[in-house]
Amino acid sequence: MTLASAAARPHPARLLPTTYPVRGTVDARYGDMDANGHLNNLALEAMHENTRATLNAQVSAMPFYARAGFRPTGEQFDEAGIDHRVMTLDLAPR
């Protein structure tokens with residue numbers, strides 16, 4: 001029995017290390033760091049320093065958002081036949 005791969009073999013140049021001149025090394029202490037997760041954390045931290053989150057909450061869901069720190073602002077309004085109210089959360093430290 002013979003096993004044949006359906007994938008085409010890469011061009012020989014793609015197998016040479018000189019084809020990829022940009023290399024990076026990772027220190028062992030950072031080897032387990034999730035770079036994207038770290039960037040997301042930095043973005044969230046920056047957001048917490050100088051922004052406010054705003055959402056249109058269904059009136060029935062307002063207690064859920066209030067437990068997360070959101071406070072109602074403005075008057076109740078109708079959106080798609082459902083009563084809503086704007087809620088905001090100040091993310092900047094006080």
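By average Cβ neighbour count within 10 Å, what is the ranking of 62-68, 73-79, 84-90 from highest down? Kindly include the intermediate steps, with their values, before the conclusion.
Working: 62-68: 12.4, 73-79: 10.0, 84-90: 16.9.
The packing order, highest mean first, is 84-90, 62-68, 73-79.
Note down the net charge around HIS84, summing +1 for each Lys or Arg and -1 for each Asp or Glu among other residues with Cβ under 14 Å from its Cβ.
On the way: positive: ARG85; negative: GLU75, ASP78, GLU79, ASP83.
Counting the neighbours of HIS84, the net charge comes to -3.
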Checklist entry - If you plug each phi of the range 57-74 into the Karplus form 6.51 cos²θ - 1.76 cosθ + 1.60 with θ = phi - 60°, what whole-Hz ³J(HN,Hα) values come out, in order, with x for Gly and Pro? => result 9, 5, 4, 5, 9, 4, x, 4, 5, 4, 5, 8, x, 6, 10, x, 9, x
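Just so you know, all these numbers are worked out from the coordinates, no wet-lab data involved. Computed from a prediction, not measured in an experiment: that's the story for all the values here. Every residue, glycine as well, gets a Cβ built from its backbone with ideal geometry; the counts of neighbours run over all protein chains shown.
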